[in-house]
Structures are given as structure tokens and as C-alpha cells.
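Down below is the structure, laid out as C-alpha cells.
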Amino acid sequence: MRALEGIGRSPVARRGETGPGPTVTGIEEALGARLAILTPASVGGKREVTMQLRSDAIKQGLARAPHRSLLKADGLTDEELERPLVAVVSSQNEVIPGHIHLDKIAEAVKAGVRMAGGTPLQVNTIGVCDGIAMNHEGMRFSLTSREVIADSVECAIQGHQFDAMVLIPSCDKIVPGMLIAACRLDIPTVLVSGGPMLAGRGRHGEETDLNSLFDAAGQVTAGTMTEDEMHWLENTACPTCGSCSGMFTANSICCLAEALGIALPGNGTIPAVYSARIRLAKHAGMKVMELLEKGITARQIIDARAVRNGMALDQAFGGSTNTMLHLTAIAHAAGCPVTMDDWDKACSATPNIVRLAPAGPLHIQDLNDVGGVSVIIGELGRNGLLDLTANTCHGTVGDWVKQCPPVDGKVVRPVSDPYSPDGGLKVMRGSLAPDCGVVKKSAVDPSMYQHTGPARVFDSEESACDAIFGGKIKPGDVVVIRYEGPAGGPGMREMLTPTSAICGMGLAKSVALITDGRFSGASKGPCVGHVSPEAAAGGPIALVHEGDEIAIDIEAGTIDLLVDEDELERRRAAWEPPAPKYTTGVLSRYAKLVTSADKGAYLS
């Protein structure tokens, strides 16, 4: 038997080839000619192949007889062991609606892998539903889970020396967690999500979504909605499985996976309940086998060019502010780090041409109906706003752009007639946020682009919510929620409950909210998050007193605490860091290791 040459160095022999692959619709034909390379000439360890497989480390040679015996205990045959082993990494569970159906997606992926000559083996990881975790202790574990997911995928793949993998997430932290792992592992990889949920329908035919419920809580409190009306929404706003139907965090990052090149076209927008989603999953299984044969690995796709393209797409469709956190962390894992200055440049260079919920009334299915992310990619690419040399799992971006349909003018506007000449996500800086703050500009009413008002200061999300629902926040106020940052929270909780309460109570055009925590992708209004340095690190947000004037200028990208420097120095001298909220467990470790929000809140 041949020696295990190259194990631990390279997943395949020809990893330098990066030429374009076939289009999605031509995958079956293109792969047909390649199967002979991947199919064993015989069994029993005497095959002749042109590849060096990572999995040979667990299945080739006399010393691996115990390993083969354990794999055969799984029911694998000699023929299956001769083929490349492909990990099908799923986060299926019975809690998250975006993940409850991922067993069906996994079966389709496995079918695609088998059709292309590989042996698929499923492994699973965890997930946290941000909607269910919102506004209580559980939200501290959401962003934390991103790192746990990345670590768990890395452990499973390296521990069993898989040759390639297909990632199957859907929601929030799970997608970036898996992408971070893909960059670390650098093996042939394709991501296929479970797809978005369909929007609900209100009693008057309007589209509804999960955010309708969060807004409803404020509307009922304000007396503008009845509990019966809220109950109707409760039963209809989330009508199918899938990731919540707006351009919230989950759908934003699933769409960005297309621009990063690691997912096939349609990944971000084909609804979870469409049969096209199953076909896409089968194509993903076939596609990863093609990448394996060509030697194309994750970091040959997710590089600096891909990250810049992802940033441009994000600005064009005005995704969740969380994507700035996640893509920054993914870029770090890929070895091509970005800064808030890079995000600021992307905002200035990219017009905002799409506004889906919460920035507008339309939803992800509406974008899918006009051609999906490919329509946006085509419009940006044809106008010189993308790097066309970047690789994807299905060819170069330039090849992709040639096949992209034109804009429809309603869901996706042309670059010549944008909603805004700059992007949907804005970096904010000033004396209150020297390193950064971020705001979803596309979801802010223009009347609140500039706002100055007195600070209403809260050291936790719960105390702020009590004040909002208690009617203690007045028009003109600036709500400040601090000690909720990556380390101070710990876990950088999302603030959808207070932002939705402000909107539901009719204060979105008169009250701003600032936090060192973060916002759900469903948040809208003048909400500035990710304030860095955070309060727990002694950032200026820790020095704000009740009644201090705060000035926000979203167009200028400034956020300032209007207190003279001498007074701030006196406050700084008297400030003491808070005691750790957790001294044991995962949150204790997370608080000690996490970097600041402007760095992506990854673990150092």
C-alpha cells in the first residue's frame, strides 16, 4: 500500500487549480467526466487514484485496521471507504424554526455527494435561536455560541480527517460560526442553508414577520393594538419553517455567503419550503466533490477579494448590523482582516439599492421572485462595484455576472436610481464611540438622521425595557444601554425588545437608542450599536450621566457626548471596572478572551 504522502499539509494533490467551474445547472454533466478519478479501481486498499486524500490517515494501511473496523461498525462497506469521506455538518434541531427541517437538506446533500462518487457522513453541531433567546439571560449565549460552533466543527473535521465538507446552517450565529471553521480548516467546502421562512399575511393582506410581534408588544402597551390582534399575529407571522423572513441577520449572512463564493446562487433566498431548496442541496453535494477533485479549498475562495465583495453586497442590500460583526470575524479567520475604516469605505462606495424588511415592506421571498442575490451581484458587477476576478465555488464572479438577470426596478433598483448613494450600514465615530458604533441607516427615518437629546442611562437591557414599557421615555430622549458589550455583557446581547418597544409605542421618530451591545437584524430606527470601547473596558459610554446631551449625525457618521473634557477626566478618575458577572462556565471564559466589537468579537 502506498505511503500517506502529504497528510496534514494539503487535502488534495492539485490544490493550486482555481479555474472556473460549471454553472449550477450544468453540474451533473460537468461532474460526469470526473467520476472516474474519484471512483476506486478496486477495493481492499488497492485502488489507483490521482488524489492524496486526508481521510487516508484513518483508513489506509495495516495500522488502520482498527479504524476501518470502527467505520464498518457504522455500516460502511469497503467500497464506501475507498471513496473520499465528506462531512455533512448540520445544525438540525427541534427548537429553531430555521433548523427543524435541516434533516431533509442533509439527506439531499448526501444524495448529491453519492451521485458524485463520495461517501457522506453526517455530524452535528448546536444552535441558539435569537428570537427565542431575546430579552433574557439566554441571549448572552447567542454570540458566544458562534465560537463554540466554530470550535466544534473544527474538532469534528480534524478529529476524523474528512476530505471535504458541506455546511448546513440557517440562522444567525450558526452560519458565521461554520464559515469561521471553514476558513480555519481550509478544505474543499460548500455551504447550503435551510432557506428563509415565507412571510406571514396580516388581516388586510399586508406581509408580516417575527418583528411584527415584537412591535405588537409596544403597540398593545401604547393602546394602539388589541391583544386579540396580537394573538392573530402570533399565529400567522411565522407560517413555515426557515430563517425569519426579513433581511434580518440570518438571511443577511446567508446571502453574503453567495458573495463570498462559498455557496451556490440561490442559497440566501430560495424559501425553505420550495422544492428548489432540495435541488440546491443536491447540487451542493455534487459541487463539493468537484472542488475536491480540483483541489479548491475554502480560503482559495474566501480571500480578500471575496470579503470586499461581501461588504459591497451588504451595503447594497442594507443587511443586519450583525453582518459587520460576523464578516469582520470571518475575514480575520481567513487571514485577510478588515477594519471599520474598510467598512466606512465600502459604505461610501456602494449605493443602497434594496430595502427589505425591516427597512421596507418586502421580504426575502420577494427578492427571490425577481432572481435573488444574483440580480444584485449583476447590477454591482456591471457597474464596477465588485472584484470580478474573485473565485466562487461555481466559477469567477465575472463569469457569474455574465449570467445574472437585470434589475426589476422595484425590489432591486438600478445603481443609477438608488435609495441612497451610500450603503445601508453606517460606521459612526465620535467622542462617545472613538473606535466605532454602527447603525442600519437604511432602516432609519430621514427625520432622525440628526438628533440631539438628553441621555437616559441604563446599565442593563432589563432596566431599559422596564422604563420604556413603563412610559418613562419621552420624545427627544437618547436611551443609553451599557455594560452589554462582548466582555461586559458578557455576550453582547441583541436589543430587539427595546428597539421594537420604542417603535411600537410611536417613538421611532423622536427617540434614539445607543448601546455597546448589538441589535437584531429586525431592529429599525435610530439605533447605534457596537459602541467601542465598551463600558466594561472603560470606554466613554461608561462615563455618561443621566441628562448629558448626546448628538447623533448619521449622515456625517458622528456620535458625540457633549460634555467638556475636564468633566470627563474627573468622571474617568472616579470610574471603577465592574466585577465579573460570571466566574465559572463558558461566559466566564468568553468574557476573558473576547475582543472588542470593532474587531469582530472573536476570541483572542
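The values are calculated or read from the model by the stated rules, or taken from the named source; none is laboratory data. As the structure is a prediction and not an experimental result, all values here were calculated from the model. Backbone-built Cβ (ideal geometry, glycine too); neighbour counts: all protein chains shown. Accessible surface areas use protein heavy atoms only, side chains included; no ligands, DNA or RNA. Shrake-Rupley method; radii C 1.70, N 1.55, O 1.52, S 1.80 Å.
HN-Hα J couplings of the stretch 210-226 from phi, Karplus 6.51/-1.76/1.60, θ = phi - 60°, integer Hz, Gly and Pro as x?
Whole-Hz 3J(HN,Hα) from phi for the stretch 210-226: 4, 5, 4, 6, 5, 5, 4, 4, x, 5, 5, 4, 7, x, 9, 9, 8.
Quick check: residue separation of SER604 and THR224 times 0.36 nm, minus the Cα distance between them. What number comes out in nm?
132.1 nm
Could you work out the relative contact order of the stretch 314-470? I mean the mean sequence separation of Cα pairs under 8 Å and 6+ apart, divided by the number of residues, in percent.
Details: 199 pairs, mean separation 46.0, N = 157.
Computed over the stretch 314-470, the figure is 29 percent.
In debye to the nearest 20, how big a dipole does the stretch 252-361 give about its Cα centre with +1 on each Lys and Arg Cβ and -1 on each Asp and Glu Cβ?
Working: 10 positive and 8 negative charges, 77 e Å.
For this selection, approximately 360 debye.
Could you tell me which label, among (1) 160; (2) 170; (3) 141, carries the value of volume of the Cα convex hull per residue in Å³ calculated for this structure?
From the options (1) 160; (2) 170; (3) 141, the structure gives (3).
About the Cα centre of the chain, how large is the charge dipole given +1 on each Lys and Arg Cβ and -1 on each Asp and Glu Cβ? Please answer in debye to the nearest 20.
2080 debye
Based on Cα positions only, what radius of gyration and what Dmax would you give for the stretch 298-399, in angstroms?
Rg, Dmax (Cα atoms, Å): 13.5, 38.
How large a share of the accessible area of the chain, in percent, is made up of carbon and sulfur atoms when the probe is 1.4 Å and the other protein chains stay in place?
Details: 11340 of 20970 Å².
Within the chain, the accessible surface is 54 percent carbon and sulfur.
Output wanted: per-residue J couplings in Hz (rounded whole) for the stretch 363-371, from phi through Karplus 6.51 cos²θ - 1.76 cosθ + 1.60, θ = phi - 60°, x for Gly and Pro.
So the Karplus estimates, Gly and Pro as x, are 10, 4, 4, 5, 5, 4, 5, 9, x Hz.
Would you please state which residues of the stretch 441-461 a label at LYS509 would reach in this model, taking the label point 7 Å out along Cα→Cβ and a backbone N cut-off of under 13 Å?
Label zone hits: 445-449.
Per residue, how much accessible surface does the chain expose to a 1.4 Å probe? Answer in Å², no decimals. Write down the numbers at each step before the final one.
Numbers: 20970 Å² over 604 residues.
In whole numbers, the chain has 35 Å² accessible per residue.
Which residues' amide hydrogens lie under 5 Å from the amide hydrogen of TYR483, considering only partners 5 or more residues apart or on another chain, with H built in the peptide plane?
ASP516, ALA535, ALA536
Over the Cα atoms of the stretch 82-163, how large are the radius of gyration and the largest Cα-Cα distance (Dmax), in Å?
According to the Cα coordinates of the stretch 82-163, Rg and Dmax are 14.9, 50 Å.
Just to check I understand the Karplus step: with θ = phi - 60° and J = 6.51 cos²θ - 1.76 cosθ + 1.60, what whole-Hz values come out for the stretch 165-176, glycine and proline as x?
For the stretch 165-176, the Karplus curve yields 8, 10, 9, 10, x, 8, 10, 5, 6, 5, 4, x Hz.
So for the pair ASP408, ASP564, with labels modelled 7 Å out along Cα→Cβ, what separation do we get in nm?
5.8 nm
Counting other C-beta atoms within 10 Å, and keeping those with at most 12, which DSSP coil trypsin sites (Lys or Arg not before Pro) do you find in the stretch 337-389?
Working: sites: LYS345, ARG355, ARG382; in loops: ARG355.
Here no loop site has a sparse enough neighbourhood.
Tell me the GluC sites (Glu not before Pro) within the stretch 480-560 that lie in a loop according to DSSP and have at most 14 other beta-carbon atoms within 10 Å.
Values: sites: GLU484, GLU494, GLU534, GLU546, GLU549, GLU555; in loops: GLU484, GLU534, GLU546, GLU555.
Answer by residue number: GLU546, GLU555.
Which of the aspartates and glutamates could a cross-linker span from LYS441 if the Cα-Cα distance has to be under 15 Å and same-chain partners fewer than 8 positions apart are dropped?
ASP314, ASP344, ASP422, ASP553, GLU555
Can you list the residues, at least 5 places off or on another chain, whose amide H is less than 5 Å from the amide H of MET428, using H built in the peptide plane?
Here the answer is GLY437, VAL438, VAL439, since their amide H atoms fall under 5 Å of that of MET428.
Along the charge dipole of the stretch 196-280, Cβ charges K/R +1 and D/E -1, which of GLY223, LEU264, PRO239 sits furthest on the positive end?
Final value for the positive-end residue is LEU264.
Check cross-link reach from LYS294 to the lysines: straight Cα distance under 24 Å, and skip same-chain residues fewer than eight apart.
The reachable lysines, counting only those whose Cα sits under 24 Å from LYS294, are LYS46, LYS59, LYS110, LYS282, LYS402.
Give me the one-decimal nm value for the distance between modelled label points at LEU70 and ARG571, 7 Å along each residue's Cα-to-Cβ direction.
Calculated label separation equals 5.8 nm.
Within the stretch 193-298, report the trypsin sites (Lys or Arg not before Pro) that DSSP leaves as loop and that have at most 14 other Cβ atoms within 10 Å.
ARG203
How much length is gained if the chain between LYS474 and THR339 is pulled fully straight, taking 0.36 nm per residue apart and subtracting their Cα-Cα distance, in nm to one decimal? Before the final figure, lay out each step's value.
Working: separation 135, 0.36 × 135 = 48.60 nm, distance 3.59 nm.
Length gained, LYS474 through THR339: 45.0 nm.
State the answer as a single residue: which of VAL438, ASN391, ALA464 lies farthest towards the positive end of the charge dipole of the stretch 378-484, with beta carbon charges of +1 for Lys and Arg and -1 for Asp and Glu, about the Cα centre.
After comparing all options, I get VAL438.
Please compute the length gained on full extension between ILE126 and LEU62, using 0.36 nm multiplied by the number of residues separating them and subtracting their Cα-Cα distance.
Numbers: separation 64, 0.36 × 64 = 23.04 nm, distance 3.59 nm.
Result: 19.4 nm gained on full extension.
Check cross-link reach from LYS524 to the aspartates and glutamates: straight Cα distance under 13 Å, and skip same-chain residues fewer than eight apart.
In chain and number order, the partners are ASP215, ASP445, GLU494.
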